[in-house]
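K.L.:
This is the structure I have questions about; it appears just below.
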Amino acid sequence: IKDSRKKYYQLFTKIRLYLPMLLIMKKIFNFISTISILLRDYERTDQVFKLYDLTPKFMQRRIIKKLKKHESGVKLLRGEYRDILEKIYDKDYLSQFPEGSFGNALLQLPYMPLTSYQKNQSNLATAFTAIHDPLHILTGYTTHPEDEACLQAFSWHHLQVPAPLIIAIGYALSNPRSIPKIYKAYKWGKNVPWLLLVDFDKYLDKPIEKVK
């Protein structure tokens, strides 16, 4: 009986030791797998949002540390801005805003309903997802794959996780003619104030040009 208890205890110890490692490895595998899907098909924008959520914790430390220095950043990490994501993807809600407004411009983008995966993302990934469509409006980049790559290059300085840069570089390598345009977007994003802290809910009824 003592021997069997010892064996079970050793087995339990090994499981407790290796399970967190296996979960981390699984997340890294899913992260790499999602990148490979995007590199094969840049129109799979749903994978972009998934990539935000799959970003390993150690890759998020820089942005989290920076967010904690700002009151609005702390609120973002607590999940207090999660409702903006629902509003940006709600066509009925956006239809109330007048033509020429920021909210109406969001309504004109190709509609893609929120997936159950997006609704259950981490607070940080939710913020990354919520800023994506507003950046389309602010920058003027369309949903064409090349423009999506430009938007990712622009976004990198604001999100500060590897995913946007990986997507932009991957597209640039497979489409060399787009490199100047993508690099220009990268430099542009670098010179713009930090947009992740902006509460876009306050600007939905404002004229687009005023918001810009």
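K.L.:
Kindly report the accessible area of the chain per residue (heavy atoms of protein chains, probe 1.4 Å, no ligands, DNA or RNA), in Å².
P.N.:
It amounts to 60 Å² per residue over the chain.
K.L.:
Sticking with this structure for a sec: Angle check, please: helix 123-139 long axis (alpha carbons) against the longest principal axis of the chain (alpha carbons), in degrees 0 to 90, nearest 10.
P.N.:
With rounding to tens, the tilt is 20 degrees.
K.L.:
Tell me, what is the FRET efficiency for residue 62 and residue 190 to the nearest 0.05, using R0 = 25 angstrom and their Cβ-Cβ distance as r?
P.N.:
0.95
K.L.:
Also: Relative to the longest principal axis of the chain, what angle (0 to 90°, nearest 10) does the C-alpha long axis of helix 45-54 take?
P.N.:
With rounding to tens, the tilt is 40 degrees.
K.L.:
At q = 0.13, 0.14, 0.16 Å⁻¹, what log₁₀ I(q)/I(0) does a Debye calculation on the Cα points of the stretch 37-182 give, no solvent, two decimals?
P.N.:
Each listed q corresponds, in turn, to -0.60, -0.69, -0.91.
K.L.:
Under 14 Å from a point placed 7 Å out from the Cα of residue 174 along the Cα-to-Cβ direction: which residues of the stretch 132-158 have their backbone N that close?
P.N.:
Only 145-150 pass the distance filter.
K.L.:
Enter the angle in degrees (range 0 to 90, nearest 10) between the Cα long axis of helix 162-174 and the first principal axis of the Cα atoms of the chain, meaning the one along which they spread out most.
P.N.:
The helix 162-174 is inclined about 70 degrees to the chain.
K.L.:
Listed here are the pairs 91/202; 91/119; 50/187; 27/50; which of them are more than 19 Å apart at the Cα?
P.N.:
On the way: 91/202 17 Å; 91/119 16 Å; 50/187 25 Å; 27/50 11 Å.
Where the Cα-Cα span goes over 19 Å, the pairs concerned are 50/187.
K.L.:
Just by accessible area at a 1.4 angstrom probe, what is the order of 143, 55 from largest to smallest?
P.N.:
Greatest to least solvent exposure: 143, 55.
K.L.:
Would you mind estimating how fast the stretch 27-109 diffuses translationally, via Stokes-Einstein at 4 °C and 1.567 mPa s with the Kirkwood radius over Cα pairs, in µm²/s?
P.N.:
Value of D from the Cα-based Kirkwood radius: 84 µm²/s.
K.L.:
What part of the accessible area of the chain, given as a whole %, is carbon or sulfur when the probe is 1.4 angstrom?
P.N.:
58 percent
K.L.:
For the chain, set up a GNM with springs between Cα atoms under 10 Å and report which of 162, 134, 113 has the largest fluctuation.
P.N.:
113
The values are calculated or read from the model by the stated rules, or taken from the named source; none is laboratory data. Since the structure is predicted, the reported quantities are computational estimates derived from the model, not experimental observations. We place every Cβ from the backbone using ideal geometry, glycine too, and count neighbours over all the protein chains shown. What goes into the accessible areas is simple: the full protein's heavy atoms, side chains included, and nothing from ligands, DNA or RNA. Shrake-Rupley method; radii C 1.70, N 1.55, O 1.52, S 1.80 Å.
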